[in-house]
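Following: one structure in structure tokens, then a few remarks.
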Amino acid sequence: MVIKDLYQVNEAIRDKEVRVIGADGNMVGVMSSFQALRLAEEADLDLVKISPNAVPPVCKIMDYSKFKYEQAKRDKENRKNQTQIEIKEIRLSMTIDVGDIAVKTKQCLKFLEAGNKVKVSIRMKGRENARSYQGVKVMQDFFEGLGGKAVQDKKPVAEGRMITMMLSPAKA
């Protein structure tokens, strides 16, 4: 997001009247935008419209380049502190064997420990569609194999040819 697009500065402010806040943060009053601009120039600062929807719009006398720098710094800090939660997928089959389910369980635990959500799915083929309850049982067995390290966000449900279940890491 570009900060320049958010704020009107100096000559770009074309409103007849504006409410002005001084550089020290105190209210100066309501005046024409021309007078406000002159006040800002006398203080060797910029006039920035900070609240365009107010009646009359609110402008503040400040050093715009310093404001822009601090805003960019704050945005960067916020992005750095944000955590991205990914959704990983594990596919099972209705005829999966014990050894294979152990490998899938181990992989699922890795995903959960990394803080990601996991979507577990089974795609039914041919005659398996008539026995979706077997797929749901495989899913329940898989969930029980995780040993309480996961929470079911969405229980196993057959939707068309797919059976899906959503898991998220259990709170410690």
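The values are calculated or read from the model by the stated rules, or taken from the named source; none is laboratory data. As the structure is a prediction and not an experimental result, all values here were calculated from the model. For neighbour counting, all protein chains shown are included, and Cβ atoms are generated from backbone atoms with ideal geometry for every residue, glycine included. Please note that ligands, DNA and RNA were not included when accessible areas were found on the heavy atoms of the full protein model with its side chains. Shrake-Rupley method; radii C 1.70, N 1.55, O 1.52, S 1.80 Å.
Listed values, structure above:
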read-out	value
Gaussian network model of the chain, springs between alpha carbon atoms under 10 Å - residue of Thr95, Thr83, Thr105 with greatest fluctuation	Thr95
Carbon and sulfur %, accessible surface of the stretch 42-172 computed with the full protein complex present, 1.4 Å	50
Trypsin sites (Lys or Arg not before Pro) lying in DSSP loop within the stretch 99-172, provided at most 15 other Cβ fall within 10 Å	Lys125, Lys149, Arg161, Lys171
³J(HN,Hα) computed for each position of the stretch 101-112 - Karplus, 6.51 cos²θ - 1.76 cosθ + 1.60, integer Hz, glycine/proline x	5, 5, 5, 5, 5, 4, 5, 5, 5, 4, 4, 5
Rounded FRET efficiency, nearest 0.05, which uses the C-beta distance separating Ala170 from Ala130 and R0 of 30 Å	0.30
Degrees between helix 64-81 axis and first principal axis of the chain (Cα, 0 to 90, nearest 10)	10
Degrees, to the nearest 10: 33-42 long Cα axis against longest axis of the chain	80
Size of electric dipole in the chain: Cβ of Lys, Arg +1 and of Asp, Glu -1, about Cα centre, debye, nearest 20	1120
Contact order relative to length of the chain, as percent, for alpha carbon pairs under 8 angstrom and 6 or more apart	16
Helix 132-145 axis, angle to the chain major axis (alpha carbon atoms, nearest 10°)	70
Size of the stretch 1-145 as Cα extents on the principal axes (Å, biggest first)	80, 29, 21
FRET efficiency estimate (nearest 0.05) - Cβ-Cβ, Lys110 to Met27, R0 35 angstrom	0.05
q = 0.14, 0.23, 0.29 Å⁻¹: log10 I(q)/I(0) that the Debye formula gives for the stretch 112-154, counting C-alpha atoms only	-0.40, -0.85, -1.10
Within the stretch 1-157, percent of DSSP bridges classed antiparallel, to nearest 5	55
Distance between modelled label sites at Arg123 and Lys73, nm, 7 Å Cα→Cβ extension	5.2
